[in-house]
Every structure is written in C-alpha cells, then in structure tokens.
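Asks: I have a structure I would like to understand better, so I am pasting it below and will then ask my questions one at a time.
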Amino acid sequence: MTSLARKLHTVDYFTLAFGTIVGVGWLVVMDDWLQRGGPLGAMLAFAVGSLALAPIGYIYGQLVMAIPDAASEIAYTQKVFPPWVSFATGWMMTLVYLIVCPWEAVALGKIAAYLLPGLNSFPLYHVVGQPVYLPRLILGLGLIVLVTWLNYQGIRLSANFQNWMTFTLLGLFALLGVFCIQRGSAHNFLPLFSHGRFVSILLVLQIVPYFMTGFEAVPKCAEEARPEFRARGYFRAIILSLATGALFYVAVTAMVAFVQPWQSLVHESFATAVAFERAFRSPVLINMVFAAALASLLKACNGNFLAASRLLFALGREGFVNPRLGQVHAVKLTPSNAVFCVGAFGVVGALLGESILVPITEVGSLACAVGWLATCASYLRLERSWTRRLIALLGLSVCAALILMKFLPSIPGHFTTYEYAALAAWIAIGLQARRRGPRVT
C-alpha cells in the first residue's frame, strides 16, 4: 500500500498549527472583541483562555508522540472506546477544518470589496436575503482551486506555501508594531473594560477557543514527518503554536487600542485597518495591514484544508466511509481523493455564501470541543500516572464547559434553531456516509 510522503520538519508543523489558529479574525471582528471586553478585557481573555487550553495541548502533544497517526482523534479513541465513538469523533473534527475553507473564500471577497467597492456588483442570487456577487465569488472560488492544487501536488509544496505565508504575516506584524510604538498613546486604552471587569473578560473568553483552534492540526500530518524526525518535535510545535497564537492576539489587540481610542472603533468594519488608517494616514501602512491579512487568510485556508483532507483520508483508510478516500496517489503521494473532496466542499460552501456558513461555523466550534473531549477522555483511560490523569481531568473540565456554553440558554452565544439544524444536517450526512462505507468491528 502506498504511503504518504515523509518530508516535514518541526518548523513545518509549527507553521501548520499557528497558520491554522490565526486567520483573519484580528481584522474582520476586532470591533466585536473590543465591544465585548474593551482592550484589557480582550487581552486578558485571550491570555487566560490560552492557559486553559494548555492541558489539552499537552495531551495532544503526548498522544501524537506515542501514536503518530494521521487519524489522530480516531486513533486515540480506538484504543479505549468502541468504533462508533471513533467515527463520531473523527466526523465531528472533520467539520472543524472543513468549514474554514469556504469561510476564508467568502472572507477574501469581503476584504477585497472593502478595498475595491466595485466588486459589490453583478449579484447572481440571494441566499437567506444576502446577495452573492459574481466578482467576489470568482475570487473565493479561485482561492479554493489554488489550495486544492497545492495540496494535490504534494505535502512539500503545501508546507513551503504555509511557511512563506506564516513568516510573511509575522514579519509584517513586527513592522506594524514598530510604527505603533512611535505614534500611539496609552490614554487610548481608557476605559480598560467595556463592562465590569469580570463580565468583560467572560464575554471574550467564550469565543477564545474558536480563535485558538488549530494546534491539534499537527497530529493530522504526523505520518508525513521526515524519517529522521524526532517525536518530541510534535510536542514542541503544538505548545509553541499555542503560545505564539495567544501572544499574537494579545499584541494585535494592544496595537489597535494603542493607536486609536478603542471606543471609536466598536462599530467599524475592519476596525484594525480603520485604526491604522486614522492614526497614520498612510496608504503604505494600510497596504501592509491588508497584505498581512491576505497572508494570514491564505495560510489559514491551506492549513485547515490540509487537516481536513488528512482526517477524511483517515476515515476512509479505517473503513468508516468510502475506502477510496483512504487511497494515496501513486506519484504525488498525497490523499488525492480526499483532497478533491475537500475542494468540492469548499466550492459548494463558497456558492452558499456567508449567511449559510455562519450557523455551520458555530457548530464547528462545538465539534472541536467534542473532539478535544474525546481525546482527553482517551488519555485519561490510557494513562496510569496520577499527575497526567489530573491534567486529563483539567482538559475534560474545560471541554465540558465549552460544550455546555453552546447548549445552555442562559449563556450568551448558545445555539439557536439554525445551529441545531446545521448540527442535525451534519450528523445525518455522517450517518449516510457511514452507512455507505464498509462495516468496522
């Protein structure tokens, strides 16, 4: 049986994880972060939330060192739970990455239309009252085609692209930070919180896991490490990506609030770009912000695409769905059928538009918590050390809280009818895919 190509280094795993964590939220929804918590509330929430996810990151790092399998959550749960648990976990985690690809395609059109308003023309049709514009759709579909081609050609090409985009973002971000120091003022931070201290932190803390999802992408490519790769590199990439992602979000929030009074930004689309535009009045700096956003968008789409294709590949190889998804291209050494399947989903999602993707994305955040929960539960049953079992219990507690937040009506951000419908639809698709696949015992 043909195996996946083994060409990845530690730096590739870091850029995969960090690139999957950080998308364009720091540009697109900065106004929401500030409105929820104010600058200090948002910064503390990202710091505290990332620390809360540290036990889960630790568990993933330990498990991938012991079980370097592309099936990741599927493989971990297979050790201690019945097959249906493994399938359900893998199917839910697939949605986590799968939904990001069309979402980034839609976001690309929105960002481009902000720079070139003429792209908001030639409406083709409406979905739930929202128009789908031809120029924006073409850009989004072009992104899906590009990322599909990269991942079909080979893991090394996809990894190189991920590295370039990640370090481009970090380089531009560092330059913007230097300019901020010269122009900003600490007075712009006041007031530090949008509500009371606790409420401000809590409102942002609810969304932190969604923006920090991606560190667990590392195990999906564990079979593609170079032959001389040391297993400890998986662990280092996961922990470093978590720390760097948290630092990035804290720093970008501080930069925005430092250069402009944050209360003037809470009703602005693309508040990050607006803050720099008002502070510097420099087209060059604004172009830097959007260049950083483009690099971030491209790497997020590529990283999530890569993780989604490997999970579909693993589901096929394990016999949970059509086995053809588990085949490896004889020349490219990539899971080509799974790659094309993810690309097809991205095209369909981009055609549906933003209004349909929003509830599916909310389900994706729940699905991720379910996958984390199953992984922590597997680690708890596999481990004999009481210290490590305690870490597993901490991870389980965090995951359980994240799941409850989506179901309890008393908590802001809970599921509505649309999210429950999207969840039911994904479960139904999974049951149908499982029914068509061979039986696993």
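Asks: With the checklist (1) closer than 29 Å to Val347 by Cβ; (2) in contact with a Phe, Trp or Tyr (Cβ under 6 Å, 6 or more places away or on another chain) in hand, flag the one item Asn160 doesn't pass.
Replies: (2)
Asks: For the stretch 314-426, which helices (runs of 4 or more DSSP H) that fit wholly inside it have 2 or more residues that are among the basic types (Lys, Arg)?
Replies: Once the helices (runs of 4 or more DSSP H) in the stretch 314-426 are filtered for at least 2 residues that are among the basic types (Lys, Arg), what remains is 386-407.
Asks: For the stretch 140-171, give me the residue count where each residue is aliphatic (A, V, I, L, M) and buried (at least 20 other Cβ atoms within 10 Å of the Cβ).
Replies: Of the residues in the stretch 140-171, 8 are aliphatic (A, V, I, L, M) and buried (at least 20 other Cβ atoms within 10 Å of the Cβ).
Asks: Next question. Using beta carbons and a limit of 8 Å, which pairs, at least six apart or on different chains, have the first residue in the stretch 249-260 and at positive phi and in contact (Cβ under 8 Å) with a residue 12 or more places away in the chain and the second one in a helix (DSSP H, G or I) and not basic (Lys, Arg)?
Replies: none
Asks: Next question. Where in the stretch 67-150 are the helices (runs of 4 or more DSSP H), entirely inside, with at least 1 residues that are more than 19 Å from Ile56 (Cα to Cα), free of Cβ contacts under 8 Å to residues at least 24 places away in the same chain and aromatic (Phe, Trp, Tyr)?
Replies: Here the list reads 83-98.
Asks: Further, regarding this structure: Does the stretch 298-326 hold any residues that are among the aliphatic types (A, V, I, L, M) and either closer than 19 Å to Thr166 by Cα or under 14 Å from the mean Cα position of the chain (by Cα) (or both), and which are they?
Replies: Leu298, Ala300, Leu306, Ala307, Ala308
Asks: Name the pairs whose Cβ atoms lie under 7 Å apart, with the first residue in the stretch 215-235 and in contact (Cβ under 8 Å) with a residue 40 or more places away in the chain and crowded, with 24+ Cβ neighbours inside 10 Å, the second in a helix (DSSP H, G or I) and of a type in the set (Lys, Arg), and 6 or more positions between them or separate chains?
Replies: Lys220/Arg310; Cys221/Arg310
Asks: Quick check, is Ser194 part of a loop (DSSP other than H, G, I, E, B) and either hydrophobic (A, V, I, L, M, F, W, C) or surrounded by 16 or more Cβ atoms within 10 Å (Cβ to Cβ) (or both)?
Replies: When the stated conditions are applied, Ser194 passes them.
Asks: Do you know which of the residues in the stretch 370-414 that are of a type in the set (Val, Ile, Thr) and modelled with pLDDT of 90 or more is nearest to Phe81 (Cα to Cα)?
Replies: Ranking the candidates gives Thr375 first.
Asks: Does Asn302 qualify as being surrounded by fewer than 24 Cβ atoms within 10 Å (Cβ to Cβ), of a type in the set (S, T, N, Q) and closer than 24 Å to Trp103 by Cβ?
Replies: So Asn302 does not fit the description; no.
The values are calculated or read from the model by the stated rules, or taken from the named source; none is laboratory data. Here the structure is a predicted model, which means the values were calculated and not measured. With ideal geometry, Cβ positions are generated from the backbone for all residues, glycine too; neighbour counts draw on all protein chains shown.
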